[in-house]
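Throughout, read-outs are computed from the coordinates displayed, never taken from laboratory work. As the structure is a computational prediction, the values presented were derived from the model and not from experiment. Here the Cβ positions follow ideal geometry from the backbone for every residue, glycine too, while neighbour counts run over all protein chains shown.
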Ligand SMILES: Nc1ncnc2c1ncn2[C@@H]1O[C@H](COP(=O)(O)OP(=O)(O)O)[C@@H](O)[C@H]1O
Ligand SMILES: [Mg+2]
């Protein structure tokens, strides 16, 4: 009888483990499909227009604020009242901001799990401002940071430091491609254990260029 009990417990554990894996893989597939949708559907998604860069930022914030609240991450956005017109595909721009916020959430989660300075507040600060002929958007977090040996690889497709089931390694490569398409630049600054800032520099659409 004892043996039958142990056997059934073993079976239960195995099933639980497998079920967990299935759920993880569904989440992974969701992220991949999400990214591919934006990557591949050139036809529907190539429409470019003029918009204020604050708009896709607000919509990305709406999509991620729940998760941040759940994880006690302070998510905020600082910008002035001035218009920040840029030209591009609205949804791709939103996708870029989403990718960056999600990376910051993961980096903060990883830091929390290693319980490095758990008493310190976790934050993600977004900022949008004018600088000369450019719009500068930055996403800053005080998460785990990026090690010296990884920093050269993080823009490569499929490079990830996340466990299988979590990362696809596509977020940054797709984002930098989208920003390049918009004649902009994506740069990353990071201090291991301190945090990371990703900065996007995009051409400001001047008054006379607004058709
Ligand atoms: N804000 C960040 N803080 C720390 N590491 C980051 C951050 N953003 C990206 N990274 C690193 O860059 C890698 C690649 O990011 P990404 O292309 O978005 O793929 P993924 O998030 O699927 O791993 C991540 O696995 C992580 O190691
Ligand atoms: Mg990512």
Under the rule of -39500 (n - 2.57) per DSSP H run of 4 or more residues, summed and divided by the residues of the chain, what mean residue ellipticity at 222 nm is obtained, to the nearest 500 deg cm²/dmol? -15500 deg cm²/dmol
How big is the stretch 87-211 by the Kirkwood estimate over distinct Cα pairs, in Å? 15.4 Å
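Using a Förster distance of 30 Å, how high is the FRET efficiency between residue 58 and residue 20, based on the Cβ-Cβ distance and rounded to 0.05? Provide the component values of the computation, followed by the final result.
Details: r = 35 Å, r/R0 = 1.17.
Calculated value: 0.30.
Can you pull the semi-axes for the chain, root of five times each eigenvalue of the Cα gyration tensor, sorted largest first, whole Å? Walk me through the numbers before you get to the answer.
Working: eigenvalues 277, 83, 46 Å².
Semi-axis lengths for the chain are 37, 20, 15 Å.
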Once both label points are put 7 Å beyond Cα along the C-beta direction, the residue 50-residue 69 separation in nm becomes 3.6 nm
Bridge orientation stat for the chain from DSSP, antiparallel percent rounded to 5, came to 80 percent
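Go ahead and run the numbers for FRET between residue 150 and residue 207, Cβ-Cβ distance against an R0 of 41 Å, rounding to 0.05. Working shown, then result.
Working: r = 42 Å, r/R0 = 1.03.
In this case the efficiency is close to 0.45.
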Specify the angular offset, from 0 to 90 degrees and rounded to the nearest 10, of the alpha carbon long axis of helix 90-113 from the longest principal axis of the alpha carbons in the chain. 40 degrees
For peptides 92-99, 79-86, sequence by mean Cβ density within 10 Å, most packed first: 92-99, 79-86
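Would you kindly state how much longer the chain becomes between residue 161 and residue 199 on full extension, computed as 0.36 nm times their sequence separation minus their alpha carbon distance, in nm to one decimal? List each step's numbers first, then the result.
Values: separation 38, 0.36 × 38 = 13.68 nm, distance 2.09 nm.
Between residue 161 and residue 199, full extension yields 11.6 nm more.
Give the calculated FRET efficiency between residue 27 and residue 181 to the nearest 0.05, with a Förster radius of 35 Å applied to their Cβ-Cβ distance. Spell out each step's value before the answer.
Working: r = 28 Å, r/R0 = 0.80.
Step by step, r from the Cβ atoms, then E = 0.80.
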According to a simple spin-label model (label point 7 Å from Cα along Cα-to-Cβ), what is the distance in nm between residue 78 and residue 9? 5.5 nm
